[in-house]
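Worksheet: one structure, shown below.
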Amino acid sequence: MMIRATVVFLVLGFLSPVPMAWCCEQCRSATTATAVPYHEEALFNYYLARRYQAEGRYELAREKLVLALAIARNEEFRAQCLSELQRTEDMIYAKRLQIQR
């Protein structure tokens, strides 16, 4: 019994570096990377803002859009955040007018 376990461990010990070496070689051959022009956290805040808008939680959406705008890397995304921020503020204003009536 002890000899079988030893043989199994020896065989596994000799075979395990082979797949690991293959895996490391595969990892080394992947040299290209795709860069996203948007900051990950800015996109996440924008996503949350859109979700909050859909739920009617405009104050939270406004906060997340301001955060996304502060982190935005390029002008296209900034313009999109500003546009959404303006729409969100318009909805907040409209809701406040409804409440006052």
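With an 8 Å Cα cut-off and a minimum separation of 6 or more residues, compute the relative contact order for the range 40-100 in percent. It would help to have the intermediate numbers written out before the result.
Values: 53 pairs, mean separation 19.8, N = 61.
32 percent.
Rounded if a/c is under 1.5, else prolate if a/b beats b/c, else oblate: with a ≥ b ≥ c from the C-alpha gyration tensor eigenvalues square-rooted, which is the range 43-101?
Because a/c hits 1.5 or more and a/b exceeds b/c, the range 43-101 counts as prolate.
Just so you know, all these numbers are worked out from the coordinates, no wet-lab data involved. As the structure is a prediction and not an experimental result, all values here were calculated from the model.
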